[in-house]
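Each remark here refers to the structure printed beneath this line.
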């Protein structure tokens, strides 16, 4: 676990049954070296008591906006200014709604509005509440603000339902906080090295309609492409993310273009290609599409069904054909056998500058996972293997490699 020594974390605890886990979270953050300042909402006080958190954090606990023990500062502004991170755990549907709409009627929400520190949210609620359109919209709005999430777990909830909505375990939240600060510490060496560059990223799957209720698609989750878009944004680039349908929150600070079919993605890519300095095509697009899209739902017949397919537009080949001097194009090769052989052939055939190859049958490298295991290959014959790591770490290393090649340096300089 990354050390949190000296980090000032404001922990907001809202009123759900999972508030009891916040005590263990406070303890673990403190043991990791963090200075934890706890804010309990009035509803949280129905489940837990301030004395518990004071004993675990060795800091005063805040429950009321109008309690001002230090006359020299305004408490919520002072906490907001000093925080290195504001963590809301558990975050109920109610507090998420307040945060998304700028309400400030208690100590926690006023602190959230006043802070310029990063905010991390760990939702916890009934599975049906978590899936409600209003909650999803509020969470998306917070993601657009730049808030980060620690996804809830799936399992038996206190209400008796089984599904997604259980607060992540304290160890998972501490790990997410540690990963955030580790990422921040890496940033100075990479900060602004893509300043002024325009980066075009494609992500996710495409869907090819068969009829009004059916389509052809694949298992791509979009996680790799979204991680690349966020990494490029954090390095100062102007980012356009063209995404097929995913369950991911839209990254803040990037231009987002939602598409569904391969034709829609092709059109969007070609529109933005002329203005792009770097293109990273990580989307898993359909190679084929139905010759005919039925106007009405196809009815089940007695015998087998023959579906006639046509070849879909080859987006990556078209990018390679149209790229201009100075543009740098990266492709992906998700294979199941002879990975490097097929990747090398794709690199050359489609006129790419670099390709990212992986075997999707390898554990930890498949579609939908949070990690990846890849090999980078370049037009100049260089080859760099990466061991299993988070997709965000892969994204950073990939962009490190792009920056090296744009400056005419070898990949042997990758740290």
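The values are calculated or read from the model by the stated rules, or taken from the named source; none is laboratory data. Source: prediction; values computed, not measured. We place every Cβ from the backbone using ideal geometry, glycine too, and count neighbours over all the protein chains shown.
Observations on the structure shown:
For (1) surrounded by 19 or more Cβ atoms within 10 Å (Cβ to Cβ); (2) in the same structural domain as residue 35 (by TED's automatic domain parsing), each residue gets a yes or a no:
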site: 146; (1), (2): no, yes
site: 178; (1), (2): no, yes
site: 199; (1), (2): yes, no
site: 206; (1), (2): yes, no
site: 223; (1), (2): yes, no
site: 226; (1), (2): yes, no
site: 230; (1), (2): yes, no
site: 236; (1), (2): no, no
site: 240; (1), (2): yes, no
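- Residues within region 113-148 that are within 17 Å of residue 87 (Cα to Cα) and either in contact with a strand residue (DSSP E or B) (Cβ under 6 Å, 6 or more places away or on another chain) or not in a helix (DSSP H, G or I) (or both), tallied: 14
- Index of the failed condition, residue 396 passing every other in (1) closer than 25 Å to residue 248 by Cα; (2) assigned to a loop (DSSP other than H, G, I, E, B): (2)
- Within region 124-134, the set of residues being farther than 14 Å from residue 247 by Cβ, surrounded by 13 or more Cβ atoms within 10 Å (Cβ to Cβ) and touching a helix residue (DSSP H, G or I) at 6+ places or on another chain (Cβ under 9 Å) comprises 124, 125, 126, 129, 132.
- When we screen 312, 343 for residues that are within 21 Å of residue 381 (Cβ to Cβ), assigned by TED's automatic domain parsing to the domain that holds residue 408 and touching a strand residue (DSSP E or B) at 6+ places or on another chain (Cβ under 6 Å), the only hit is 343.
- Search result, residues across region 360-385 that are crowded, with 19+ Cβ neighbours inside 10 Å and more than 22 Å from residue 248 (Cβ to Cβ): 376, 377, 378
- Matching residues in region 381-391 - criterion: being within 18 Å of residue 349 (Cα to Cα), outside any strand (DSSP E or B) and touching a helix residue (DSSP H, G or I) at 6+ places or on another chain (Cβ under 8 Å): 382
- Residue match in region 182-198 (condition: more than 17 Å from residue 393 (Cα to Cα), at pLDDT 90 or above and in a strand (DSSP E or B)): yes
- Qualifying residue in region 254-264 (condition: modelled with pLDDT under 95, outside any strand (DSSP E or B) and under 18 Å from residue 204 (Cα atoms)): yes
- Considering each residue of region 210-229 in turn, none proves to be in contact (Cβ under 8 Å) with a residue 24 or more places away in the chain, touching a strand residue (DSSP E or B) at 6+ places or on another chain (Cβ under 9 Å), farther than 21 Å from residue 367 by Cβ and in a loop (DSSP other than H, G, I, E, B).
- Test for residue 273: is it surrounded by fewer than 18 Cβ atoms within 10 Å (Cβ to Cβ), touching a helix residue (DSSP H, G or I) at 6+ places or on another chain (Cβ under 8 Å) and not assigned by TED's automatic domain parsing to the domain that holds residue 31: no
- The residues of region 35-62 that are free of Cβ contacts under 8 Å to residues at least 60 places away in the same chain, surrounded by 17 or more Cβ atoms within 10 Å (Cβ to Cβ) and part of a loop (DSSP other than H, G, I, E, B), listed by number, are 47, 48, 61.
- Residues that are out of contact with any helix residue (DSSP H, G or I) (no Cβ under 8 Å at 6 or more places or on another chain) and under 27 Å from residue 172 (Cβ atoms), drawn from region 392-415: 393, 397
- Residues considered: 377, 361. Of these, the only one that is more than 16 Å from residue 202 (Cβ to Cβ), assigned by TED's automatic domain parsing to the domain that holds residue 230, touching a helix residue (DSSP H, G or I) at 6+ places or on another chain (Cβ under 8 Å) and not in a helix (DSSP H, G or I) is 377.
- Residue within region 287-294 that is within 26 Å of residue 397 (Cβ to Cβ), at pLDDT 95 or above and either surrounded by fewer than 20 Cβ atoms within 10 Å (Cβ to Cβ) or in the same structural domain as residue 202 (by TED's automatic domain parsing) (or both) present: no
- Every residue from region 233-244 that is under 15 Å from the mean Cα position of the chain (by Cα) and at pLDDT below 95: 233, 234
- Residue list for region 63-94, restricted to those being part of a loop (DSSP other than H, G, I, E, B) and closer than 30 Å to residue 131 by Cα: 63, 92
- Of all the numbered requirements in (1) at pLDDT below 85; (2) farther than 20 Å from residue 405 by Cα; (3) in a loop (DSSP other than H, G, I, E, B), residue 168 misses one, and that requirement is (1).
- For region 325-358, filtered to residues that are free of Cβ contacts under 8 Å to residues at least 24 places away in the same chain and assigned to a loop (DSSP other than H, G, I, E, B), the residue that is surrounded by the most Cβ atoms within 10 Å (Cβ to Cβ) is 338.
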